[in-house]
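Here the structure comes first, spelled out in structure tokens, and everything after it is commentary.
The values are calculated or read from the model by the stated rules, or taken from the named source; none is laboratory data. Since the structure is predicted, the reported quantities are computational estimates derived from the model, not experimental observations. Cβ sites come from the backbone with ideal geometry, for glycine too, and all protein chains shown count toward neighbours.
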Amino acid sequence: MVPAWGFAQVAPADSLRQSPTLEQAPTSSYRYVNATSLTLRSSPTTTAGAAATIAGASRVQLLQERADGWSQIQVAQARGYVKSDYLVETQEAVTADVDWPEIAAAGGETYSSLSPLAASTVAPAHSATIRRVAPKVTTGPKVYVCGNGRTEVYHSTESCAAMRRCTYQTLVMSQREAQASGLRGCMKCD
């Protein structure tokens, strides 16, 4: 009996704990790339060296999700950093334009595609400055091309907003050479 002014007996904190259930298990340590492709970087910054490109809808192992908006991941034997905004928890949540029949044929939810970049296209991780190629003798107006190997446009000025985002080597050529190689003019700087 407990006195009206008195104390009730309280169970020790350890006896109140419940054993973990399956619902309390940690979520999957895998994420999926929600972009047509995503650059794997050597450190968590856009000026860091690009080590590889990960195909859209690829499954990646999440090693660490950082407060600064970057995630450390592993794909096959490659380890690096990507922007967390481009990772989703399930492959069904991927909204990027990807080749779903190819992904289904290559493993579905376990699909992973990593394309290492050639050493010559990797920007140095320790330097935020972009290397520029000395212009060669060209005829006609000179234009600037991001040397990432995937670009489809040339720029009439290095100060174009799209060109400033390039972390690869800038190529300088004539407008005629750019057009002959299948590039079109940038709509932002033309």
(request) State which residue is modelled with the lowest pLDDT when the search covers only the range 149-165 and only residues that are in contact with a helix residue (DSSP H, G or I) (Cβ under 9 Å, 6 or more places away or on another chain), part of a loop (DSSP other than H, G, I, E, B) and at negative phi. (result) 158
(request) For the range 39-100, please list each of the strands (runs of 3 or more DSSP E) lying entirely inside it that holds at least 1 residues being in contact (Cβ under 8 Å) with a residue 12 or more places away in the chain and over 14 Å from residue 115 (Cα atoms). (result) 59-65, 70-75, 78-83
(message) For the structure I just gave you, tell me whether residue 168 is part of a loop (DSSP other than H, G, I, E, B), of a type outside the set (Lys, Arg) and not assigned by TED's automatic domain parsing to the domain that holds residue 54.
(response) yes
(message) I need every pair where a residue in the range 109-120 that is assigned by TED's automatic domain parsing to the domain that holds residue 34 and at positive phi has its Cβ under 7 Å from the Cβ of a residue that is modelled with pLDDT of 85 or more and among the β-branched types (Val, Ile, Thr), sequence separation at least 6 or different chains.
(response) none
(request) Can you give me the number of residues within the range 24-38 that are within 10 Å of the chain's Cα centre (by Cα), at pLDDT 90 or above and surrounded by fewer than 21 Cβ atoms within 10 Å (Cβ to Cβ)? (result) 1
(message) I'm trying to understand the selection: among the residues of the range 79-106, which are more than 14 Å from residue 37 (Cβ to Cβ), at pLDDT below 90 and of a type in the set (A, V, I, L, M, F, W, C)?
(response) 100, 104, 105, 106
(request) Please indicate, with yes or no, whether at least one residue in the range 115-134 is surrounded by 15 or more Cβ atoms within 10 Å (Cβ to Cβ) and at pLDDT 85 or above. (result) no
